[in-house]
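Each remark here refers to the structure printed beneath this line.
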Amino acid sequence: MSDHAPSPRLAILGGGQLGRMMAFDAHRLDIAPIVVAPQEAAPGFAAAKPIPLDFDDAALGARLEAEADVLTYEVEHLPVEAVRALGERVPLRPGIRSLEITGDRLLEKQFIASCGLPLAPFAPVDGPEDVDAALAVTGLPAILKTRRHGYDGKGQRRVSTREEAEAAARELAVPSVLEGFVTFERELSVVAVRGLDGEVRSWPLAENTHRDGILHVSVAPAPGTDGALHARAEAKAKRLMEELDHVGVLTVELFDTGEQLLLNEIAPRVHNSGHWTLEGAVTSQFENHVRAVCGLPLGDTAARGASVMINLLGELPPREALLAVPGLHLHLYGKAPRPGRKLGHATLCADDMGGLREAAARLPEALRAPTLAALA
Ligand code: AMP
């Protein structure tokens, strides 16, 4: 006879690689995952029981009520009202407020400011007629970003003059936010998790390098950071999570200006800059997210050593060449190649930065230079 509580059934909204990796970790805890996505084929379907329905499909609520005990999401760009309705039938963690706020850049920035946390100056721009008032707040240069559906640098225009800002507003032609351009020393992120009982833990900071607005390489723990910087970043994540009553993982992207940690963006979910935790931390971001939303105790977030994660963007080097690198951990997402698309990632772990550099020297040529640059 077993004294285990029955395993909760976890439904993940969104069919991308984040849900796929979450599902892989759920299986190890004997938590059977379901993936809901509107596509016929989605990376997440290979790892879970697929429900290929639109989020606002009339049949979805009843189906989830019958088949799932907990709902979560792996992406913030979801139809809020449809997800709210699903959350009224099955417990939704994180809750609808985390989704509502982070799915809209303007609401997100207003929320960050209302928490008293520092960020670049910003102002709404619904069309060219708003540009002058917005520039008075942000100054130049600035970046115009769409309020919704922008990610990986998409829906963004960097502008240096008033004329460029007006042209960008005409071109984007949707409600947007103008944001002051930040001169930063580096980009960091903190991935944190909050349990159902309110306990907060976070992984060591990652230092992130982007290529064409898309995350390319993450190094963790971020070189040269001390416990004090991590504590400052964790305190910001904790403040946001408590204010949202967030349950699960939340990621905060930060600009380190040397003096300040300015908040760039919040993701109410597991994050690309936390993929290193799969092999480089005692408990991965995916496992801790599953633990949190299922009301289970959180695992240790300490790093095991030093890690570097390299995104495989646009096209894949031959699998054999990657697997020939000693100690390389390869994750492929089952996606077709397309320019700039995240097709997989590779992680190297070592005892320290010196060991990481040695391991990185054995990478195939296309990955070696950007990885060594990130480790310099
Ligand atoms: P986002 O999608 O908002 O995270 O932007 C993608 C990338 O563009 C960031 O990771 C930064 O490298 C850059 N970026 C975005 N906003 C700013 C800003 N206000 N100042 C400087 N760089 C920015």
**Report entry** Sorted peptide list for 96-105, 230-239, 156-165, 11-20, criterion being average Cβ within 10 angstrom, highest first
**Finding:** 11-20, 96-105, 230-239, 156-165
**Report entry** Anisotropy class of region 296-361 from Cα gyration tensor, a/c 1.5 cut
**Finding:** oblate
Query raised in the report: With every protein chain present, what is the per residue accessible area of the chain (1.4 Å probe, Å²)?
Result: 42 Å²
Report task. Return the long-range amide H neighbours of H216 (sequence gap of 5 or more, or a different chain), with a cut-off of under 5 Å between placed amide H atoms. Result -> T209, H210, R211
Report task. Starting from region 283-376, pick out the GluC sites (Glu not before Pro) whose DSSP state is loop and whose Cβ has at most 14 other Cβ atoms within 10 Å. Result -> E315
Query - Cα-centred dipole magnitude for the chain, charges only on beta-carbon of K, R (+1) and D, E (-1), debye, nearest 20 - result: 600 debye
Report task. Using amide H atoms built 1.01 Å from N in the peptide plane, name the residues 5+ places from N264, or on other chains, whose amide H lies under 5 Å from its own. Result -> E253, L254, F255
**Report entry** Lysine pairs within the chain, Cα separation less than 19 Å, 8 or more sequence positions apart or different chains
**Finding:** 7
Query raised in the report: Quick one: Karplus J couplings for region 189-196, per residue in order, coefficients 6.51, -1.76, 1.60, θ = phi - 60°, nearest Hz, x for Gly and Pro?
Result: 9, 10, 9, 10, 9, 10, x, 5
Report summary line: In nm, the gap between the two label points placed 7 Å beyond Cα toward Cβ at L140 and A336 is 4.3 nm
Report summary line: Counting only residues 5 or more apart in sequence or on a different chain, those whose built amide H sits under 5 Å from that of V125 are S176, V177, L178
Query raised in the report: What do you get for Rg/Rh over region 10-92 if you use C-alpha atoms and the Kirkwood form of Rh?
Result: 0.92
Report task. Kindly rank 188-201, 116-129 from highest to lowest mean number of other beta carbons found within 10 Å of each residue. Result -> 188-201, 116-129
Report summary line: The Rg/Rh figure for the chain, Cα atoms and Kirkwood Rh, to two decimals is 0.96
Query raised in the report: Share of the chain's accessible area from carbon and sulfur, percent, 1.4 Å?
Result: 51 percent
Query raised in the report: Using +1 on the beta carbon of Lys and Arg, -1 on that of Asp and Glu, and nothing else charged, what's the dipole of region 12-150 about the Cα centre, debye to 20?
Result: 380 debye
Report task. With all distinct Cα pairs included, what does the Kirkwood hydrodynamic radius of region 1-148 come out to in Å, to one decimal, could you say? Result -> 17.4 Å
Query raised in the report: Among L178, L140, L261, which one moves the most in a GNM of the chain with springs linking Cα atoms closer than 10 Å?
Result: L140
Query - Label point distance in nm, A321-A58, each placed 7 Å from Cα along Cα→Cβ - result: 5.3 nm
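The values are calculated or read from the model by the stated rules, or taken from the named source; none is laboratory data. Only a predicted model underlies this, so the values are computations on that prediction, with no experimental measurement involved. We place every Cβ from the backbone using ideal geometry, glycine too, and count neighbours over all the protein chains shown. Accessible surface is based on the protein model in full, side chains and every heavy atom, while ligands, DNA and RNA are left aside. Shrake-Rupley method; radii C 1.70, N 1.55, O 1.52, S 1.80 Å.
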